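Right, one structure below, let's go through it.
The values are calculated or read from the model by the stated rules, or taken from the named source; none is laboratory data. Keep in mind that what you see is a predicted model, and the values were worked out from it rather than measured. Cβ placement follows ideal geometry from the backbone for every residue including glycine, while neighbour counts extend to all protein chains displayed. Accessible surface is based on the protein model in full, side chains and every heavy atom, while ligands, DNA and RNA are left aside. Shrake-Rupley method; radii C 1.70, N 1.55, O 1.52, S 1.80 Å.
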Amino acid sequence: MKPLWTKKDLMSAASASDPSTYFLKNIDGVWGVSIDDRTIKKGDLFVALIGDKFNGHDFIENAIRKGAHGIIVSDKKLANKYNGLLVKDTKKALKQIAKFSRYRFKGTTIALTGSSGKTSTKHLLASSLKKFGKTHYTQGNNNNLIGLTLTLSRLHYDYQYCVLELGMNNTGEIRELTEIAKPDIALITNVSNSHIENFKNEKEIAAAKSEIFLGLNENGIAIINLDNLWSEYLIKKAKKVSAKIHLFGHSKYANTKITGIIDEKEGSTISYDNKKWHLKYLNTTQARNAIAAISVIKELKLCTTTSAKIISHIKPLSGRGEKLIINFGHKYKTYVIDDSYNANPDSMKAALSNFYKTKSKFDTYKTVLIIGDMLELGQNAKEMHLELIPMIKKINPNLLITIGAYSKKISDKLYKQINCSSFLTMPPLLKKITQFIKPNQLILIKGSNGTGLWKLIPIFKNLNQEKCDVA
């Protein structure tokens, strides 16, 4: 197997010099790219980035000690001392390496964005594409500029598919990312008021998401959720760049037409394109992500039956609807739906709705809602949190636990009707959480990542937990 990067290609890509003349001396090349000395692997290239709170140049020795084959730095003395490549700006160099890598890649690149469902859709799509050829994809949710450039710098030129997740908090970010990604297919899962604190209104969010089409290659394809409020707006934006448009949703105009999505058994069943497709572990919200993935498969002219079989057995990712069991003995179990990774008003309402449906299958279990603040909602944050009250009242949980100042507003409204316990920050809850968790409970954990709800999961996992197949 050929190395990922040779000295010649790295120097050309990064516009770098070799002041010591010993960079990769007697070595064919590097086999990976890293910016973190803690996770670097033997044979990797270490790029010493400089951030607001760190300087990668401070960790060069540790990276070399762990087996780095080479380094890229912006300090000439260090370049000479450690036989590294020298550049003016290491962050810019990583970006140049990413662009070079994307240019030499001859496979198909799919980029996706959306207010929610990005990471799950990427996971479903990449998992099914592996059946058809070597597939490279964004790890975790590394969807910002550094994450994208690092992902592309690790792309093997002889792979068939590359799936890239693009995220944003502000306008203009997607434009920069898509110009680097240069996708052949661009997918927008949906548009909602996530991160609206940084925008004037939801239309601005739609405009920012639509920038993904600007990077499309010639004859590029735009895949759009026709069920979303902003679909017509996104279609107009896609037409401006002369993209081929693929629509998915319930409309008769959809290219991938949904005729029904229902809860069934432990997951959900989708009726689409005159077919029925059962997803063993994914709920109705995740089913829409699955349809988005199938839309890409159709445009690639790959076998949708094969992809559907693969996706039908995929479980939700950790923090995105994964189901866990806490064992309290031979007959006593508590079920936890871990949706702690993130939340916006739309995804929160969907999670509560799915929880209500799940509750009907566990009629002998007591229900617990652990709700954290939805962040970055701006001046209407209070109202958006209070809009959750009707759904919470419909669920009528035995216990409602809230974390954060905005979620506390919900508890303040409901404490006379529902047993509530509110916490402004996570540390006090972490100390008390085991007092609330009992046998025969059904628990939903949902909130923005910044609230720290994910810190509860290790505690639950230590309570004799195992993975679960329930919906």
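The table below lists the values:
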| quantity | calculated |
| --- | --- |
| Qualifying residue in the stretch 300-313 (condition: open to solvent by less than 10 Å² (accessible area, probe 1.4 Å) and outside any strand (DSSP E or B)) | yes |
| Count - residues of the stretch 18-37 that are open to solvent by 50 Å² or more (accessible area, probe 1.4 Å) and either without any contact (Cβ under 8 Å) to a residue 24 or more places away in the chain or under 16 Å from K91 (Cα atoms) (or both) | 3 |
| Subset of the stretch 169-179 that is open to solvent by 10 Å² or more (accessible area, probe 1.4 Å) and within 18 Å of the chain's Cα centre (by Cα) - its residue that is farthest from T113 (Cα to Cα) | N170 |
| Residue ranges of strands (runs of 3 or more DSSP E) in the stretch 319-422 with at least 3 members within 29 Å of I196 (Cα to Cα) | 333-339, 366-372, 399-403 |
| Qualifying residue in the stretch 115-132 (condition: of a type in the set (S, T, Y) and open to solvent by 60 Å² or more (accessible area, probe 1.4 Å)) | no |
| Only listed residue being over 24 Å from S268 (Cβ atoms) and either out of contact with any Asp or Glu (no Cβ under 6 Å at 6 or more places or on another chain) or open to solvent by 90 Å² or more (accessible area, probe 1.4 Å) (or both), chosen from K431, K361 | K431 |
| Those residues of the stretch 349-367 which are touching a residue at least 24 places away in the same chain (Cβ under 8 Å) and either more than 28 Å from P428 (Cβ to Cβ) or out of contact with any helix residue (DSSP H, G or I) (no Cβ under 7 Å at 6 or more places or on another chain) (or both), in sequence order | A350, A351, S353, N354, Y356, K357, T358, K361, F362, T364, Y365, K366 |
| Candidates I50, I71 - the one that is crowded, with 20+ Cβ neighbours inside 10 Å and either without any contact (Cβ under 8 Å) to a residue 60 or more places away in the chain or over 25 Å from the mean Cα position of the chain (by Cα) (or both) | I71 |
| Scan of the stretch 192-222 for residues that are of a type in the set (A, V, I, L, M) and in contact with a strand residue (DSSP E or B) (Cβ under 6 Å, 6 or more places away or on another chain), ordered by number | I212, L216, I221, A222 |
| Positions within the stretch 1-17 being open to solvent by less than 20 Å² (accessible area, probe 1.4 Å) and more than 16 Å from S74 (Cβ to Cβ), in sequence order | L4, W5 |
| E299 being in contact (Cβ under 8 Å) with a residue 60 or more places away in the chain, in contact with a His (Cβ under 7 Å, 6 or more places away or on another chain) and not hydroxyl-bearing (S, T, Y) | yes |
| Selection count, the stretch 196-224, where residues are under 23 Å from A343 (Cβ atoms), open to solvent by 30 Å² or more (accessible area, probe 1.4 Å) and outside any helix (DSSP H, G or I) | 2 |
| Candidate set from the stretch 225-249 (those that are in a helix (DSSP H, G or I) and touching a helix residue (DSSP H, G or I) at 6+ places or on another chain (Cβ under 8 Å)); member that is most open to solvent (accessible area, probe 1.4 Å) | K240 |
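Results for (1) of a type in the set (S, T, Y); (2) within 30 Å of N462 (Cβ to Cβ); (3) crowded, with 20+ Cβ neighbours inside 10 Å, shown as yes or no for each residue.
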{"position": "A343", "(1), (2), (3)": "no, yes, yes"}
{"position": "K349", "(1), (2), (3)": "no, no, no"}
{"position": "I370", "(1), (2), (3)": "no, yes, yes"}
{"position": "E383", "(1), (2), (3)": "no, no, no"}
{"position": "P390", "(1), (2), (3)": "no, no, no"}
{"position": "I395", "(1), (2), (3)": "no, yes, no"}
{"position": "N398", "(1), (2), (3)": "no, yes, no"}
{"position": "T402", "(1), (2), (3)": "yes, yes, yes"}
